[in-house]
Amino acid sequence: MSDLNTVLRQRINGVPRTVREMNYSLQMLSVMRRMGWHRSVSEDRPLGDDGTPQPWYTYSALEWILPRVKPTHRVFEFGGGYSTAWYGQHAGSVVTVEHNAAWLEQVRRMVGNNVTLIHREIKGDEATSEGDSVYCTAIEEYPERSFDIIVIDGMERVRCAETAPSRLRDDGIIIFDNSDRSTLRAGIDSLHQQGFGRIDFYGFVTQVGTMNCTSVFSKFCSPWAADNIALRDQGW
C-alpha cells in the first residue's frame, strides 16, 4: 500500500497548478510527441514518431548519435532489440550478441541482410558474470579494431566493458546505456582505467516517463568537457 501511495503522490505532483505551468507542460509534451514518445507509450515499444524502431536510449543521446552514424560504420552490440534494427538502417553493418534465443528470433524479423545475430548463453545477470563468458567474448571472434561503434546495453555489462575496447577502432566510440545504475559502476571505472573519456546524456527515455543516462566513451575526448573540440574534429 505504501508503494501505491508513493506512486500516487508522484503523479499528483505532476499536475500543473497554474495556467503558465499548464502552457509549458503542454509545450513539453508537444516536443515529446514529435520525438515519438506518445507513440512509443501507446504501442508499448520504442518507436520514433514515424513508427520506425528506436534505441531505448535517452532522447538527448539519440539526438547526438543519429547524425554521427555513417553508412560506412561497423557496429557491435551487446544486447539486441529495436536498437539493432535502428543501427541496421543507419550503419553499414551490425553484429549483435543476445542471450535470449526467443527474443533474438523476434529481432531477426526486424532486421535486414546487413545484420548478423549471435546467440550466446550467460552465467550471470545484467551486471555480473561467472567464470568464462561466451557472451562477453563473442566480440573477440573478430579482429582487433574491427568496429566504429560498440554498444554495451545487454547482460554482463561490467565484463563487456573489459573485453570491448580491444575491438574498437582508435577513433571509435563505446555507447554504455543505463550508466547511472550503481550496479554497473565497475564497468564505467574499467573504461576510465583503459583511458576512455566520457560524455553523459541524461534525460527522458522513449516509452517510459523516468530519467536515465546514456554515456558515450572515447579515447579522444576529455572526461570533463561535453562540448569537446577533439570529438568535433573527428566527426563525432
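The values are calculated or read from the model by the stated rules, or taken from the named source; none is laboratory data. All figures in this text were calculated on a predicted structure; none of them were measured in a lab. For neighbour counting, all protein chains shown are included, and Cβ atoms are generated from backbone atoms with ideal geometry for every residue, glycine included.
In this structure, is Val95 part of a strand (DSSP E or B) and either modelled with pLDDT of 95 or more or crowded, with 24+ Cβ neighbours inside 10 Å (or both)? Judged against the criteria, Val95 is a match.
Quick grid of which residues meet (1) within 19 Å of Leu168 (Cα to Cα); (2) out of contact with any Ser or Thr (no Cβ under 7 Å at 6 or more places or on another chain); (3) in the same structural domain as Arg181 (by TED's automatic domain parsing):
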residue	(1), (2), (3)
Gln54	no, no, yes
Ala61	no, no, yes
His73	yes, yes, yes
Val95	yes, no, yes
Arg109	no, yes, yes
Val115	yes, no, yes
His119	no, yes, yes
Asp125	no, yes, yes
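The condition of being touching a residue at least 60 places away in the same chain (Cβ under 8 Å) and either in contact with a Gly (Cβ under 7 Å, 6 or more places away or on another chain) or in a loop (DSSP other than H, G, I, E, B) (or both) holds for only one of Ala127, Ala61, that being Ala127.
Of all residues in the range 48-64, those satisfying the criterion of being under 18 Å from Gly154 (Cβ atoms) and touching a strand residue (DSSP E or B) at 6+ places or on another chain (Cβ under 7 Å) are Pro53, Gln54, Trp56, Tyr57, Thr58, Ala61.
Close Cβ contacts (under 9 Å, 6 or more residues apart or on different chains) running from residues in the range 17-29 that are within 25 Å of Arg39 (Cβ to Cβ) to residues that are surrounded by 11 or more Cβ atoms within 10 Å (Cβ to Cβ) comprise Met22/Pro16; Asn23/Pro16; Tyr24/Pro16; Ser25/Pro16; Leu26/Pro16; Leu29/Trp37; Leu29/His38. Of the residues making up the range 46-58, those that are in contact (Cβ under 8 Å) with a residue 24 or more places away in the chain and over 13 Å from Ala85 (Cα atoms) are Tyr57, Thr58.
For Trp64, the conditions (1) modelled with pLDDT under 95; (2) surrounded by fewer than 17 Cβ atoms within 10 Å (Cβ to Cβ) all hold with the exception of (2).
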